[in-house]
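For reference, the structure is listed below as structure tokens.
The values are calculated or read from the model by the stated rules, or taken from the named source; none is laboratory data. The model shown is predicted, which means the values in this text are computed figures rather than measured ones. FYI the Cβ positions are ideal-geometry reconstructions off the backbone, even for glycines, and counts take in every protein chain you see.
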Amino acid sequence: MNKKIARRFALIVACSLAALCCSPRSGGGNKPTVIMIGLDGASWELIDPLIAKGRLPLFKKLKEQSAWGVLRTSTPAKSPIIWTSIATGKTEAKHGIDDFRSKKPNAQGKYSVYTALDIRQPLLWDMLDANGRRTVLVNWYLSFPPQPLNGIHVSDYFRMRALQPRDSKKGATDNTVFPAQRASDFEGLIEQDYAKVLRQSGLPDFPLRYDGMGGGRDHEHHGILKKYREFVLQETLVQKVAARLFRTEKFDLFAVYFKLPDIVQHFAFDCFVDESFKKELLSAFAEPRALPGRLAEAYDRVADVLCPVYQNIETVLSGYLDSEKAAGAYVMIVSDHGFHFFVRDRVVHYNHVNGMEKAPNGICLVRGPGVKPGRFSLASIYDVAPTALYLLGLALDRDMDGRPWFKVFSFRKPLRFTHYKRKPPRFRRKNRKLDEESLRELKALGYIN
């Protein structure tokens, strides 16, 4: 072999190796997979102080190994709007979900809670379906009634239905899972022993802690704390179901949504930060020089309350990230919004609900082959679905409002576009009892009156 041919051969080999290194693959296969984890209300303002104290080693590692940033959200920060935008890549004007419930009364004069039937645009898993790809979907916000897909769909009503009192467990969750016969697989995971769940999860008994603070406090008079037991049982059930399906099922997309960070943040400042500090913080809002330091301290105090919740999340994340399935997969962790402090009526609030204040941004984090670690900017809730499609090598919907996060990848693939359609719903089953339970949950969280 002469020198010219040898050089050409070496160049071909080098290019081939580079292509293999930069080409997105998962688990040793030819097709990449995406693991998408939704954490309602997760915020760097709370995570970072806990990282600094050495209490969240996994999040520290993830930030070192991943591309990460804030996820620009929409105002007002209402979960059904934002999570539907995350799953469609489109604005509320397009997907049709503009609140927690319809603004038009039904035949009975009531305002029905929105369900999956009210979403006008195709969702990410619909797009995978159109390409013959397989999805495992667990507890995604606004996913009841579950529609047929190539894979398994455990809807967001499953967690409520599974824990409701009933005479028999047989068939109790059939209408909340697709395929319906798979619902029986999860009956053995239902756990009603609250004390046992707390021991296993490491989550605090916040109602007991609240009552123990004295001063006439009674969690039964606090909307969220009164339902905290249910929220914990529901969240741990979702964790168990998702973990089992992750271990046992093949998928191109695995997507799961967890709600507990948002729930605890709704009462953490109000219930577990002392009144003297709240007065100091209120005074600081009138003193621009003092405010940044006081706000940092306020976030630090709320972070301490949330610490066991985020540590529980780390345990859950470890179950996915330590698996062989995650070795070559793309992991996307996103939240719909954060929380922020503001003053209204001479009182400091820690919330996100009021539309008068700009909604605080959420978090985003991407890890996988060819991802460049480090902070990146200008990420939006509308970019999540396009980025997932891009990583999966699938065409984007031409009507999407977001675009893939090109700058975080060391590779660049040509973009393809198509027009996806929302399939006509096959299962239109309503569940008035669960709709009412959903309304009670929303009222407890202060989202509706």
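Can you find a residue in region 204-222 that is free of Cβ contacts under 8 Å to residues at least 60 places away in the same chain, closer than 29 Å to Arg101 by Cβ and touching a Cys at 6+ places or on another chain (Cβ under 8 Å)?
Applying the first criterion (free of Cβ contacts under 8 Å to residues at least 60 places away in the same chain) to region 204-222 yields 205, 207-208, 211-222.
Among the residues that remain, those that are also closer than 29 Å to Arg101 by Cβ are: 207, 219-222.
Pick out the ones that are also touching a Cys at 6+ places or on another chain (Cβ under 8 Å) and you get 222.
There is at least one residue in region 204-222 that is free of Cβ contacts under 8 Å to residues at least 60 places away in the same chain, closer than 29 Å to Arg101 by Cβ and touching a Cys at 6+ places or on another chain (Cβ under 8 Å).
Looking at region 363-386, can you tell me whether even one residue there is assigned to a helix (DSSP H, G or I) and closer than 27 Å to Thr248 by Cβ? Talk me through it step by step, then tell me what you get.
Here is the first cut: in region 363-386, the ones assigned to a helix (DSSP H, G or I) are 381-386.
Narrowing further to those that are closer than 27 Å to Thr248 by Cβ: 384-385.
The answer is yes; a qualifying residue exists.
When region 51-79 is examined, which residues are found to be in a helix (DSSP H, G or I), buried (at least 20 other Cβ atoms within 10 Å of the Cβ), modelled with pLDDT of 95 or more and in contact with an Asp or Glu (Cβ under 8 Å, 6 or more places away or on another chain)?
Of everything in region 51-79, just one residue is in a helix (DSSP H, G or I), buried (at least 20 other Cβ atoms within 10 Å of the Cβ), modelled with pLDDT of 95 or more and in contact with an Asp or Glu (Cβ under 8 Å, 6 or more places away or on another chain), namely Phe59.
Scan region 199-244 residue by residue and report those that are in a helix (DSSP H, G or I), over 21 Å from Glu441 (Cα atoms) and among the hydrophobic types (A, V, I, L, M, F, W, C).
If the condition is that a residue be in a helix (DSSP H, G or I), over 21 Å from Glu441 (Cα atoms) and among the hydrophobic types (A, V, I, L, M, F, W, C), then Val241, Ala242, Ala243 are the ones that fit.
Among the residues of region 410-418, is any within 22 Å of the chain's Cα centre (by Cα) and not in a loop (DSSP other than H, G, I, E, B)?
no
When both residues are 6+ apart or on different chains and their Cβ atoms are under 8 Å apart, which pairs have a first residue that lies in region 82-93 and is closer than 15 Å to Trp140 by Cα, and a second that is of a type in the set (S, T, N, Q)?
Once the first residue is closer than 15 Å to Trp140 by Cα and sits in region 82-93, its partners that are of a type in the set (S, T, N, Q) give Ile82/Thr73; Ile82/Ser74; Ser85/Ser74; Ser85/Thr91; Thr88/Gln121.
Can you find, within region 314-356, the residue that is modelled with the highest pLDDT among those that are within 23 Å of Pro76 (Cβ to Cβ) and of a type in the set (Ser, Thr, Tyr)?
Going through the qualifying residues, I end up with Ser335.
Scan region 119-154 for residues that are under 16 Å from Lys240 (Cα atoms) and at pLDDT below 95 and report the count. Please lay out each step first, then the result.
Step one: filter region 119-154 for residues under 16 Å from Lys240 (Cα atoms), giving 136-140, 152-154.
Now drop any that are not at pLDDT below 95, which leaves none.
Number satisfying all stated conditions: 0.
Determine whether Leu281 is in contact (Cβ under 8 Å) with a residue 60 or more places away in the chain and either more than 25 Å from the chain's Cα centre (by Cα) or assigned to a helix (DSSP H, G or I) (or both).
yes
Of the numbered conditions (1) surrounded by fewer than 20 Cβ atoms within 10 Å (Cβ to Cβ); (2) part of a helix (DSSP H, G or I); (3) aliphatic (A, V, I, L, M); (4) modelled with pLDDT of 85 or more, Leu389 fails exactly one; give the number of that condition.
With respect to (1) surrounded by fewer than 20 Cβ atoms within 10 Å (Cβ to Cβ); (2) part of a helix (DSSP H, G or I); (3) aliphatic (A, V, I, L, M); (4) modelled with pLDDT of 85 or more, Leu389 is out only on (1).
Of everything in region 307-330, what is assigned to a helix (DSSP H, G or I) and not aliphatic (A, V, I, L, M)? Give them in sequence order.
Cys307, Pro308, Tyr310, Gln311, Asn312, Glu314, Thr315, Ser318, Gly319, Tyr320, Glu324, Lys325 - these are the residues of region 307-330 that are assigned to a helix (DSSP H, G or I) and not aliphatic (A, V, I, L, M).
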